[in-house]
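Student: Below is the structure I would like to discuss, written out as structure tokens.
The values are calculated or read from the model by the stated rules, or taken from the named source; none is laboratory data. Predicted, not measured: the structure shown is a model, and the values here were computed from it. Positions of Cβ are generated from backbone atoms using ideal geometry, with glycine treated the same way; all protein chains shown enter the neighbour counts.
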Amino acid sequence: MTGALQFGVFDHLDDSGLPLEEFYENRLRLVEAYERVGIHAYLTAEHHATPLGMSPSPSVFHSAVAQRTRRILFGPLVYTLALYHPLRLAEEICMLDHLGRGRFQLGVGRGISPFELDYYGVDPEEAQARYLEGYQVVMGALAAGSGAREFSFAGRFHRFDRVPITMAPRQSPHPPLWYGIGNPETVPWCVANRCNVVSNAPLDQVRSMTDRYRAEWTAAGHPAETLPLMGTTRHMVIAPGEGEAEDLARRAYARWHASFMHLWVKNGTRPGAYFPATWDELVAAGRALSGTPAMVREQLAAQIERSGVNFILTRFAFGDLAYETSLRSVELFAAEVMPWIRSRVAAA
């Protein structure tokens, strides 16, 4: 945990049109580049039965990330706990934490798409209850691995009687927690669990959450320098010329948005976590950045100051952006945006 400004990458791993083996290899090469330029964490979504998520098993993909990198933190944002057998997931978490030598990050949630849950035989009305119970089991099993080496539990969906626990995570008592937050009322739980948070809410709403998090963190007696990460996400395309960046972003976002809306259009409705249909609307809403490094850093710095976040999750690879295009954005961001913003924040 840290109170200092950090930069990360969030990735849906949405369908780009490439053959999957090439798609996965390009993503892994980008993760290597993120590590090389000093990105703090690489976090991924989990989706099923939709082109929005070509990595429906986060554990499988992150096992490759663990082997291709040495320093960058990595993990799911989030595991859709309602879809998992929680004891098996606890074992996977232990494996990934050791494969990554203590770099694994544990994002948890119930799942945002009722259609994906339904396709897997989970009643969307039960998703919250399944998530909460699954979380209890996972955390209990991780704790048992470090102590009693035996786990029992009796709940609505799961019952375990003295199950031998043979694995413990490398990080004690468990890997750092991550949570997608949309409501300030969730802040007390996040503070109590020392949870890193990410929100896609409007900047003023994000500010209400970051202000409350800081206040409650201090009230709980925690030092300011141990404040967890509080972030927001931004689609981003950076190029030497403003027009080139915008043209690339508009085309790639159109494909990403079609993937994002795929199941909602199929089922004749729209999601609560809504994204506008065009890149220009997304930029106007303050949720995307494109242009030269100088343009991007000025806008991003203003958003950081307004929202009070200490963590920016970028999206450099989305839609049909070529590997070389995403890599150029990463390198320009690292060379001309990250150090400039850090200096500005430090001065402020």
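Student: Across segment 328-339, what is the total count of residues that are buried (at least 17 other Cβ atoms within 10 Å of the Cβ) and out of contact with any Phe, Trp or Tyr (no Cβ under 8 Å at 6 or more places or on another chain)?
Tutor: Start the filter on segment 328-339 by keeping residues that are buried (at least 17 other Cβ atoms within 10 Å of the Cβ), which leaves 328-330, 332-334, 337-338.
Then drop every residue that is not out of contact with any Phe, Trp or Tyr (no Cβ under 8 Å at 6 or more places or on another chain), which leaves 328, 332, 334, 337.
Selection size over segment 328-339: 4.
Student: Here is a follow-up. Go through segment 1-54 and give me each residue that's at pLDDT 95 or above and of a type in the set (S, T, N, Q). Can you show your working first?
Tutor: Taking segment 1-54 and keeping what is at pLDDT 95 or above, we get 6-54.
Passing the criteria: 6, 16, 26, 44, 50.
Student: May I ask you to verify whether residue 255 is among the basic types (Lys, Arg), assigned to a helix (DSSP H, G or I) and within 21 Å of the chain's Cα centre (by Cα)?
Tutor: On the way: among the basic types (Lys, Arg): yes; assigned to a helix (DSSP H, G or I): yes; within 21 Å of the chain's Cα centre (by Cα): yes.
Against the criterion (among the basic types (Lys, Arg), assigned to a helix (DSSP H, G or I) and within 21 Å of the chain's Cα centre (by Cα)), residue 255 qualifies.
Student: Could you say which residue among 231, 221 is surrounded by 18 or more Cβ atoms within 10 Å (Cβ to Cβ), modelled with pLDDT of 95 or more and not in a helix (DSSP H, G or I)? Show your work before the answer.
Tutor: Working: 221 fails: surrounded by 18 or more Cβ atoms within 10 Å (Cβ to Cβ).
Within the list 231, 221, the selection yields 231.
Student: So which strands (runs of 3 or more DSSP E) stay within segment 105-214 end to end and still have 1 or more residues that are small (Gly, Ala, Ser) and at negative phi? Talk me through it step by step, then tell me what you get.
Tutor: Details: elements: 106-109, 150-154, 159-164, 177-180, 196-199.
It comes to 106-109, 150-154, 177-180, 196-199.
Student: Now for a separate question. Please go through segment 69-104 and pick out each residue that is in a helix (DSSP H, G or I) and either touching a Lys or Arg at 6+ places or on another chain (Cβ under 7 Å) or among the aromatic types (Phe, Trp, Tyr) (or both).
Tutor: First, the residues of segment 69-104 that are in a helix (DSSP H, G or I): 81-83, 86-99.
Across segment 69-104, the qualifying residues are 81, 82, 97, 98.
Student: Continuing with this model, one more query. Tell me which residues, restricted to segment 34-68, are part of a helix (DSSP H, G or I) and either surrounded by fewer than 23 Cβ atoms within 10 Å (Cβ to Cβ) or among the charged types (D, E, K, R) (or both). First the steps, then the outcome.
Tutor: Step one: filter segment 34-68 for residues part of a helix (DSSP H, G or I), giving 34-37, 58-68.
If the condition is that a residue be part of a helix (DSSP H, G or I) and either surrounded by fewer than 23 Cβ atoms within 10 Å (Cβ to Cβ) or among the charged types (D, E, K, R) (or both), then 35, 36, 37, 59, 60, 61, 63, 64, 66, 67, 68 are the ones that fit.
Student: Checking the conditions here, which among 300, 321 is part of a helix (DSSP H, G or I) and either buried (at least 20 other Cβ atoms within 10 Å of the Cβ) or touching a Phe, Trp or Tyr at 6+ places or on another chain (Cβ under 8 Å) (or both)? I'd like the intermediate steps shown before the answer.
Tutor: Values: 321 fails: part of a helix (DSSP H, G or I).
After ruling out the rest, the residue left standing is 300.
Student: Taking residue 288 as meeting all but one of (1) at pLDDT 95 or above; (2) surrounded by fewer than 15 Cβ atoms within 10 Å (Cβ to Cβ); (3) of a type outside the set (Asp, Glu), write down the number of the exception.
Tutor: The single condition residue 288 does not satisfy is (2).
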